[in-house]
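Shown next, in structure tokens, is the structure this report addresses.
The values are calculated or read from the model by the stated rules, or taken from the named source; none is laboratory data. Source: prediction; values computed, not measured. Because the Cβ atoms are built from the backbone with ideal geometry, glycine has one as well, and the counts that use them run over all protein chains shown. To get the accessible areas, we keep the full protein, side chains included, count just its heavy atoms, and leave off ligands, DNA and RNA. Shrake-Rupley method; radii C 1.70, N 1.55, O 1.52, S 1.80 Å.
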Amino acid sequence: MLPFARVAIIGMGLIGSSLARAVREAMPTVQLTVSDASAAVRERVAELGIADDVADNAGAAVVDADLVILCVPVGAMAEVAAEIGPELAPDTVVSDVGSVKESVARVLGAALPGVHVIPAHPVAGTEKSGPDAGFSSLFKGRWCIITPPPRADEVMVERLSEFWRRLGSKVDLMDAPHHDRVLAVTSHLPHLIAYSIVGTASDLEEVTKSEVIKYSAGGFRDFTRIAASDPVMWRDVFLNNREAVLELLGRFTEDLVALQRAIRWSDGDALESLFTRTRAIRRSIIDEGQDTEKPDFGR
Ligand code: NAP
């Protein structure tokens, strides 16, 4: 039996449209209704034919749904929750895909009292945005972290887990603050570093003329891919995971200064020992199936 029969997706960008395509493929009998704040996106989604119905607004999309998934930027969750609250049927599960979990759980919990709010985060994505960027296999073989609030209904948590497993994801349960600390290391800090390096290089462009772009293969190019990620989404990630990111940034700054010292004092052993350790981490990521050995030309 399907875990949910009538699913509503609010926000049809990269993640929402990928989810719609994946649901269509894995659970074709699910009645899928979607919506987006942007009329142009709604029109495009209707053209793409990736949902049964495209509603004009979030409230209209969730009527009768037994699962609602919010796929909007983290900073827009409160606004959408206020729109859908009055329209939700009893026992509907409201979930989301936001990259930060503690603040989203708080906002949704406050806006939707008495509703089964079970936040989640599929750890899968690209640097692209919008409904044309989505694809059905995005979640296959990737982790989806579900962060049930303390008194969440276990049956509903299991149904949501089964929903993600049907899309090909591996599911882990975690509390929201722990999720935010883990993701600060694996995703948020790397993005911040990429934004910073690419910003520095563009400031130096004056000096280097177009050489930064011309010789970008030397490592810079991989940072530019990450730094091309959606500005609104990432603004909201940093505003909503402030403590964990700031704490980690302190550690990172110290480690960077240690590297600075090693270079200044020609401490080759320190450099080589760190680079050997980091190479082993890359190998274990490949061994775990989280990336491939393929050369990364803009993947
Ligand atoms: P996206 O491609 O920019 O899509 C977001 C969509 O939501 C846009 O179409 C946007 O419309 C719409 N939207 C914004 N505010 C809205 C509102 N109040 N009501 C209805 N629709 C609204 O972004 P995305 O990459 O799919 O990210 C969506 C969520 O997934 C974010 O919470 C993000 O943290 C999370 N996530 C992203 C990734 C990733 O790699 N991209 C991975 C995992 C999770 P407009 O264009 O008009 O603003």
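Here are a few things to note about the model shown:
- Of all residues in segment 10-31, those satisfying the criterion of being out of contact with any strand residue (DSSP E or B) (no Cβ under 9 Å at 6 or more places or on another chain) and more than 9 Å from the ligand (Cβ to nearest atom) are ARG21, ALA22, GLU25, ALA26, PRO28, THR29.
- The residue pairs whose first member lies in segment 214-226 and is in the same structural domain as LEU192 (by TED's automatic domain parsing), whose second member is of a type in the set (A, V, I, L, M), and whose beta carbons are closer than 6 Å, counting only pairs six or more residues apart or on different chains, are PHE223/ALA194; PHE223/ILE197; PHE223/VAL198; THR224/VAL198; ILE226/ALA194.
- Criterion: closer than 20 Å to ARG142 by Cβ and either modelled with pLDDT of 95 or more or within 9 Å of the ligand (Cβ to nearest atom) (or both) - qualifying residue of VAL34, VAL7, VAL41: VAL7
- Qualifying residue in segment 157-168 (condition: surrounded by 15 or more Cβ atoms within 10 Å (Cβ to Cβ), more than 12 Å from the ligand (Cβ to nearest atom) and on the phi > 0 side of the Ramachandran plot): yes
- Flag for ALA217 being outside any helix (DSSP H, G or I) and over 17 Å from the mean Cα position of the chain (by Cα): yes
- When each of ALA176, ALA152, ALA184 is tested for being over 22 Å from LEU19 (Cβ atoms) and hydrophobic (A, V, I, L, M, F, W, C), the lone residue that passes is ALA184.
- Residue check for GLU102: open to solvent by 40 Å² or more (accessible area, probe 1.4 Å), of a type outside the set (A, V, I, L, M) and over 23 Å from ARG151 (Cβ atoms): no
- Options ASP203, ASP236, ASP172, ASP255; residue that is in a helix (DSSP H, G or I), surrounded by 13 or more Cβ atoms within 10 Å (Cβ to Cβ) and of a type in the set (Asp, Glu): ASP236
- Evaluating GLY289 against the criteria (1) assigned to a loop (DSSP other than H, G, I, E, B); (2) surrounded by 12 or more Cβ atoms within 10 Å (Cβ to Cβ) leaves one unmet condition, (2).
- Residue satisfying condition, being open to solvent by 20 Å² or more (accessible area, probe 1.4 Å), more than 12 Å from the ligand (Cβ to nearest atom) and at pLDDT 95 or above, within set GLY85, GLY75: GLY85
- Boolean, PHE139 is open to solvent by 20 Å² or more (accessible area, probe 1.4 Å) and assigned by TED's automatic domain parsing to the domain that holds LEU67: no
- Residue in segment 49-61 that is modelled with pLDDT of 95 or more and within 23 Å of THR147 (Cβ to Cβ) present: yes
- Any hit, segment 20-39, residues being surrounded by fewer than 21 Cβ atoms within 10 Å (Cβ to Cβ) and either among the hydroxyl-bearing types (Ser, Thr, Tyr) or outside the structural domain of PRO73 (by TED's automatic domain parsing) (or both): yes
- Answer residue from segment 44-68, given it is open to solvent by less than 20 Å² (accessible area, probe 1.4 Å) and within 10 Å of the ligand (Cβ to nearest atom) and is farthest from THR92 (Cα to Cα) among those: VAL45
- Evaluating THR92 against the criteria (1) within 13 Å of the ligand (Cβ to nearest atom); (2) surrounded by 21 or more Cβ atoms within 10 Å (Cβ to Cβ) leaves one unmet condition, (1).
- Among the residues listed as LEU256, LEU271, the single one being over 30 Å from VAL104 (Cα atoms), in contact with a helix residue (DSSP H, G or I) (Cβ under 7 Å, 6 or more places away or on another chain) and not assigned by TED's automatic domain parsing to the domain that holds GLU102: LEU271
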